[in-house]
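We did not get these values from a lab; they are worked out from the coordinates using the rules stated. Here the structure is a predicted model, which means the values were calculated and not measured. Every residue, glycine among them, receives a Cβ derived from its backbone with ideal geometry; neighbour counts consider all protein chains shown.
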Amino acid sequence: MEQIGYINNPPNQANLDAIFSALADPTRRAILSRLTEGEASVQELAQPFEMSQPAVSKHLKVLERAGLVERDIDQQRRPARLKAENMAIAADWLETYKKFWAKSFDQLDGILEEMKHNND
């Protein structure tokens, strides 16, 4: 049974809802930040947080389903590592709005300059 809202497809068909939902939690963002330094076990990821290893595992499962993290079995450990492809998809999606924001801010700057000159 396919889970709605989770990525089961190649990264080019990513479900942005799952990605942004995973990124909405500060603990998951902190885990992703830690994984930029290299792979880590659940125990290593749990150290900076005041939470149990099972709680960290739940966060990792959300990140895995969103396609942001992958895990391997390495003897007794299951190290997690960052999987950047889906993060890039989210960044690309946001980039389209960055152009809109920049244009809006440029227009606002123009209006403010005009108001400033009118008041002088």
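Would you mind putting 25-33, 87-95 in packing order, based on average other-beta-carbon counts within 10 Å, highest first?
So the order, starting with the most tightly packed, is 25-33, 87-95.
Of [x] 48, 30, 17; [y] 72, 34, 22; [z] 46, 23, 20, which is the value of Cα extents along the principal axes in Å derived from the coordinates here?
Derived directly from the coordinates: [y].
Classify the stretch 28-79: rounded, prolate or oblate, from the alpha-carbon gyration tensor (a ≥ b ≥ c, eigenvalue square roots; a/c under 1.5 rounded; otherwise prolate if a/b is larger than b/c)?
The shape class here is rounded.
Which distance in nm do the two modelled labels at Asp106 and Glu37 give, with both placed 7 Å along the Cα-to-Cβ direction?
Distance between label points: 4.1 nm.
Using a Gaussian network for the chain with springs between C-alpha atoms less than 10 Å apart, which of these wobbles most: Leu82, Leu63, Leu35?
Leu35
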